[in-house]
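K.L.:
Mind having a look at this structure? Questions to follow.
The values are calculated or read from the model by the stated rules, or taken from the named source; none is laboratory data. This one's a predicted model, so the numbers in the text were calculated from it and none came from an experiment. Cβ: placed from backbone, ideal geometry, glycine included. Neighbour counts: every protein chain shown.
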Amino acid sequence: MSIAPEWAYFDHAAVGPLSKPAATAIAHFAAQAAEQGDTVWPEWAAKVEHLRKQFSGLLNCDDNEICLVPNTTTGINLVAEGWPWQNGDSVVLPEGEFPSNLFPWQNQQSKGVKVRMAPRHHGEVTVESLMSQVDDTTRMISVSWVGYASGFRIDIENLVKQAHQRGVLVFLDAIQGLGIYPLDLKKIPVDFLAADGHKWLLGPEGAGVAMIAKRHLDQLRCLNVGWGSVKNSFNYAAPSLDLRDSASRFEAGSANMIGATALSASLQIIIDIRNELGHHAISERICHLAAALDQQLKDAGAVTRFPNAAQHQSGIVTFEVPGLEPAAIRKEAMRQKVVLSCRDGGVRAAIHAYNDEHDLERLVDVVRSMPRTK
């Protein structure tokens, strides 16, 4: 990573730095666009389709279940707005979700949909808490794979199993987990999923993915339609509103080709590591570093919120230091070339696999160096 020599970067849960292959892909695309115009458009279009195949392979789902979207919010709204809600239906969410996984569902209240909030306990949202809010009116549970502030990773397999036993669908906001933690949709049949590429996937902003299980495709109304939504997309002379038989029907207009090209380049890094070292190699590395940071911060006098159980841990370690304001810690860290965020009343460190023990030391040194009020 080009950023690593200067910065100890722990802000992947916000916006990750571009990988070298992504940056190279953007530069190459820009040069082509400037020097050759749309003469290379077929090459760009092929890269978009390659990205679709990369995601379907990563998730072990069909290509026709993948929809390329600009961001997680778009993917959530495809389902929230497109689902055939009936007056009196309900959807269950955890407390403390990021607004992108809250507002689209609250926006359905005008249709008579009730939004039920499952309580958090010590920052953690359990399957039991979510299921406690389910009744005969519940059509869907929408949940973050990893809490953006807590770092708590929910047991998706258990959630999907219990929800499906009750006839309830599961939407997974996967932005804080996709590519890091394995997810096989043939074994864990999540119904819908969305994620951005600009966090843990180390791609650019404006390029992401949604997964719509083909068993639900025709239940969703396609609200945003355009030339890209139909089977004969290039038949401009005699257009026909005959929607594609795939999730790509939701890709109404021109693709973000430069974003897709860059995201594909970054995603290939993750795919290659998984193929060479195993599907759990990245997550094990990240969780190992996170656990080490958790202990080092505690030794430095911090109070952390890192989950105790390994299966619920992630690369996010949120902490507080008695006598220090979170904003002050972040400011001093930035001065020392350590990048953090303030979230949920604490300081959030989001560790990636390329970080190392020296990066952890730099963060802990910031905490130790700051004078504290009594």
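K.L.:
Name every residue in the stretch 241-269 that is of a type in the set (S, T, N, Q), out of contact with any His (no Cβ under 9 Å at 6 or more places or on another chain) and within 28 Å of residue 27 (Cα to Cα), in order of residue number.
P.N.:
248, 254, 256, 266, 268
K.L.:
A further question follows. Checking the structure you have, find out if any residue of the stretch 51-58 is more than 18 Å from residue 196 (Cβ to Cβ), under 20 Å from the mean Cα position of the chain (by Cα), outside any loop (DSSP other than H, G, I, E, B) and assigned by TED's automatic domain parsing to the domain that holds residue 145.
P.N.:
Looking for residues that are more than 18 Å from residue 196 (Cβ to Cβ), under 20 Å from the mean Cα position of the chain (by Cα), outside any loop (DSSP other than H, G, I, E, B) and assigned by TED's automatic domain parsing to the domain that holds residue 145, one finds at least one in the stretch 51-58, hence yes.
K.L.:
Do the conditions hold for residue 70, that is, is it of a type outside the set (Gly, Ala, Ser), surrounded by fewer than 17 Cβ atoms within 10 Å (Cβ to Cβ) and in the same structural domain as residue 182 (by TED's automatic domain parsing)?
P.N.:
Answer is yes for this residue.
K.L.:
Regarding the stretch 211-227, can at least one residue be identified that is under 30 Å from residue 155 (Cβ atoms) and either in a loop (DSSP other than H, G, I, E, B) or aromatic (Phe, Trp, Tyr) (or both)?
P.N.:
Within the stretch 211-227 (the criterion being under 30 Å from residue 155 (Cβ atoms) and either in a loop (DSSP other than H, G, I, E, B) or aromatic (Phe, Trp, Tyr) (or both)), the answer is yes, since at least one residue qualifies.
K.L.:
For residue 12, state whether it is farther than 26 Å from residue 149 by Cα and out of contact with any Gly (no Cβ under 6 Å at 6 or more places or on another chain).
P.N.:
no
K.L.:
Scanning the stretch 82-116 for residues that are closer than 25 Å to residue 225 by Cβ and of a type in the set (Val, Ile, Thr), which turns out surrounded by the fewest Cβ atoms within 10 Å (Cβ to Cβ)?
P.N.:
Going through the qualifying residues, I end up with 113.
K.L.:
Then there is this: Got at least one residue in the stretch 303-310 being part of a helix (DSSP H, G or I) and either at pLDDT 95 or above or closer than 27 Å to residue 179 by Cα (or both)?
P.N.:
Yes, there is a match, as at least one residue in the stretch 303-310 is part of a helix (DSSP H, G or I) and either at pLDDT 95 or above or closer than 27 Å to residue 179 by Cα (or both).
K.L.:
Would you be able to tell me the number of residues in the stretch 152-178 that are farther than 15 Å from residue 316 by Cβ and among the small types (Gly, Ala, Ser)?
P.N.:
Residues flagged as farther than 15 Å from residue 316 by Cβ and among the small types (Gly, Ala, Ser) within the stretch 152-178 amount to 2.
K.L.:
Could you tell me which residue of the stretch 259-290 is surrounded by the most Cβ atoms within 10 Å (Cβ to Cβ), considering only residues that are without any contact (Cβ under 8 Å) to a residue 60 or more places away in the chain and under 25 Å from residue 149 (Cβ atoms)?
P.N.:
Among residues in the stretch 259-290 that are without any contact (Cβ under 8 Å) to a residue 60 or more places away in the chain and under 25 Å from residue 149 (Cβ atoms), the one surrounded by the most Cβ atoms within 10 Å (Cβ to Cβ) is 287.
K.L.:
If residue 342 satisfies every condition in (1) outside any strand (DSSP E or B); (2) free of Cβ contacts under 8 Å to residues at least 40 places away in the same chain; (3) of a type outside the set (D, E, K, R) but one, which is the exception?
P.N.:
(1)
K.L.:
Another question, if that's okay. For the stretch 91-127, enumerate the residues that are outside any helix (DSSP H, G or I), under 18 Å from residue 193 (Cα atoms) and not hydrophobic (A, V, I, L, M, F, W, C).
P.N.:
94, 97
K.L.:
Among (1) more than 19 Å from the chain's Cα centre (by Cα); (2) surrounded by fewer than 20 Cβ atoms within 10 Å (Cβ to Cβ), which single condition is residue 293 missing?
P.N.:
In the conditions (1) more than 19 Å from the chain's Cα centre (by Cα); (2) surrounded by fewer than 20 Cβ atoms within 10 Å (Cβ to Cβ), residue 293 misses (2) alone.
K.L.:
Can you spot a residue in the stretch 134-153 that is among the β-branched types (Val, Ile, Thr), surrounded by 17 or more Cβ atoms within 10 Å (Cβ to Cβ) and farther than 25 Å from residue 217 by Cα?
P.N.:
yes
K.L.:
Limited to the stretch 150-167, what total is found for residues that are hydrophobic (A, V, I, L, M, F, W, C), under 18 Å from residue 120 (Cβ atoms) and in a helix (DSSP H, G or I)?
P.N.:
Qualifying residue count, the stretch 150-167: 2.
K.L.:
Taking the stretch 168-179 as the search range and keeping residues that are assigned to a loop (DSSP other than H, G, I, E, B) and at pLDDT 95 or above, which one is farthest from residue 277 (Cα to Cα)?
P.N.:
Of everything passing the filter in the stretch 168-179, 168 is farthest from residue 277 (Cα to Cα).
K.L.:
Name the pairs whose Cβ atoms lie under 7 Å apart, with the first residue in the stretch 219-238 and under 27 Å from residue 139 (Cα atoms), the second part of a loop (DSSP other than H, G, I, E, B) and among the basic types (Lys, Arg), and 6 or more positions between them or separate chains?
P.N.:
Between residues of the stretch 219-238 that are under 27 Å from residue 139 (Cα atoms) and residues that are part of a loop (DSSP other than H, G, I, E, B) and among the basic types (Lys, Arg), the close pairs are 229/244.
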